[in-house]
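One structure is given below, encoded as structure tokens.
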Amino acid sequence: MDSPVDSPVDRLPLSGEPLPLDLVNTTFIKGGVRGRLLDALGQTRDLDRWLALHREGFGAELARFLTAADRPPVGEAHLARFVELRHALRGLAGARTRRRTPEARDVQVINTAARLAARWSELDAGSAFAAVPRWPEPDPLLVALGEVAAQGVRLFTGEDAEKVRACPAPGCVLYFLKVPARREWCTATCGNRVRVARHSRRAREGG
């Protein structure tokens with residue numbers, strides 16, 4: 001996973017959320033209410049960069065699988081699958097935060113991808129009592145896709161599901177985990193923008 005010379009993935013406004021939300025947040029609005037929607041995964045090299053930056057989120061064993069010397073390069077088909085999963089996860093996040101039933105299509109995409117993360121352990125014939133992970137899917141990039149989906153299933157059905165929030169700032173489309181409990185915005189930038197807007201509105205009304 002060589003880092004590209006320049007990628008919008010390195011300039012995402014928010015990162016460090018659970019892996020499924022970090023994938024969702026690769027689309028964002030730059031410039032606030034009057035800004036424009038940007039997609040950080042516009043090219044295969046951007047997905048390669050995103051995977052490299054999130055290597056730790058996949059766990060040590062899958063990370064080694066992803067960085068193997070014979071790993072296939074990120075192709076257009078890989079990018080399309082990740083973008084499709086991103087769309088489905090955004091739909092699921094929206095349904096979860098609005099207390100709505102998720103779209104059947106989103107559920108299907110996530111469930112299909114999650115199966116790619118299936119694995120088992122085998123004994124390593126060359127070492128005494130050492131376990132070696134095996135995946136039915138031979139393409140580590142698709143296993144990574146599956147891991148993001150599987151983590152999404154756990155996130156939206158687990159104890160942290162109630163902490164998933166859509167940023168309430170106007171002009172923001174990002175999702176975050178409300179940790180700590182006093183957290184209100186996805187980033188300090190959104191919080192500052194809302195406070196400045198409130199101050200300006202009060203000033204106009206007072207005047």
Expressed per residue, the solvent accessible area of the range 3-127 in Å² (1.4 Å probe) is about 56
Quick calc of log₁₀ I(q)/I(0), the chain, Debye, one scatterer on every Cα, no solvent, q values 0.14, 0.15, 0.16 1/Å, result -0.88, -0.98, -1.09
Magnitude of the Cβ-charge dipole (Lys and Arg +1, Asp and Glu -1) of the chain about the Cα centre, nearest 20 debye, reported as 1600
Heavy-atom accessible area of the chain with neighbours in place, 1.4 angstrom probe: carbon+sulfur share in percent works out to 52
Under the 7 Å Cα-to-Cβ spin-label approximation, Val179 and Leu37 lie apart by a distance in nanometres of 2.9
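Using +1 on the beta carbon of Lys and Arg, -1 on that of Asp and Glu, and nothing else charged, what's the dipole of the range 127-175 about the Cα centre, debye to 20? Write out the running numbers ahead of the final one.
Numbers: 4 positive and 6 negative charges, 16 e Å.
Charge dipole, the range 127-175, about its Cα centre: 80 debye, nearest 20.
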Extend 7 Å from the Cα of Ser127 along its Cα-to-C-beta direction; within the range 34-60, residues with backbone N under 15 Å of that point are 60
Sorting Ala166, Ala150, Thr101 by the position of each Cα along the dipole of the range 48-207 (Lys, Arg +1; Asp, Glu -1; all at Cβ), the one nearest the positive end of that ordering is Ala166
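The values are calculated or read from the model by the stated rules, or taken from the named source; none is laboratory data. Note that this is a predicted model, so its numbers are computed, not measured. Quick reminder, even Gly has a Cβ in these numbers, built from the backbone with ideal geometry, and neighbours come from all protein chains shown. Heavy atoms of the whole protein, side chains included, go into the accessibility calculation; ligands, DNA and RNA do not. Shrake-Rupley method; radii C 1.70, N 1.55, O 1.52, S 1.80 Å.
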